[in-house]
Amino acid sequence: MKSVSIDPTNGVCGGALIATGLFFVWQSLSLDIGTAFRMGPGYFPLVLAVVLTVLGAVILVQATRVAGEPMGPIAVRGMLFILPAPIFFGLTVRGLGFVPALFCTAFIASFASRKMSPFAALVLSAALTLFSVAVFSYGLGLPFQLFGPWTRF
């Protein structure tokens, strides 16, 4: 009898997707589902949660078919810089405005790499901010407040 070996990386990811999907299935069942023609507020979250659960199951099944490598070290530095960056943006975009909030967010996230120098992070943040302002504010005409009340003296 052949023993089942699981690729640890895909096994953990598949299990996490299944758990997250089932949590949101459970949460969306408390909302009015409706029908396909008269969708309630819980219909779309339920569909997305089911899709997430199915994708997690596919990944988990695939993890049993392929022998994988053991999981490497967790990139703690990346998590410490990448995860807080969008939270910082969300908390400060109304107060600072789009330009300073985006610049600081890009600056924070750029230090997830050990190879990033402060000068390169400044250049990268400025380029990303200029590009985003050009695309979102001028190109698409989205009504972002470029500078917020916290930056006005």
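The values are calculated or read from the model by the stated rules, or taken from the named source; none is laboratory data. Note that the coordinates shown come from a computational prediction; the quantities given were computed from them, not determined experimentally. Backbone-built Cβ (ideal geometry, glycine too); neighbour counts: all protein chains shown.
Here are some notes:
- Given (1) in contact (Cβ under 8 Å) with a residue 24 or more places away in the chain; (2) surrounded by fewer than 17 Cβ atoms within 10 Å (Cβ to Cβ), index of the condition A85 fails: (2)
- For segment 11-27, the set of residues classified as closer than 13 Å to V51 by Cα and of a type in the set (G, A, S) consists of G14, A19, G21, listed by residue number.
- Any chance T53 is without any contact (Cβ under 8 Å) to a residue 60 or more places away in the chain, within 28 Å of F136 (Cβ to Cβ) and among the β-branched types (V, I, T): no
- Condition check for P118: surrounded by 15 or more Cβ atoms within 10 Å (Cβ to Cβ), more than 16 Å from the chain's Cα centre (by Cα) and assigned by TED's automatic domain parsing to the domain that holds L142: no
- Residues that are outside any helix (DSSP H, G or I) and closer than 10 Å to I59 by Cβ, drawn from segment 3-27: D7
- Taken across segment 111-128, residues that are within 30 Å of G14 (Cα to Cα) and either among the hydroxyl-bearing types (S, T, Y) or part of a helix (DSSP H, G or I) (or both) do occur, with at least one present.
- Within segment 139-149, being closer than 11 Å to R94 by Cβ and surrounded by 13 or more Cβ atoms within 10 Å (Cβ to Cβ) holds for F144, Q145, G148.
- So S30, is it of a type in the set (S, T, N, Q), within 30 Å of A134 (Cβ to Cβ) and in a loop (DSSP other than H, G, I, E, B): no
- Check on G78, out of contact with any Cys (no Cβ under 8 Å at 6 or more places or on another chain), exposed (fewer than 13 other Cβ atoms within 10 Å of the Cβ) and closer than 28 Å to A112 by Cα: no
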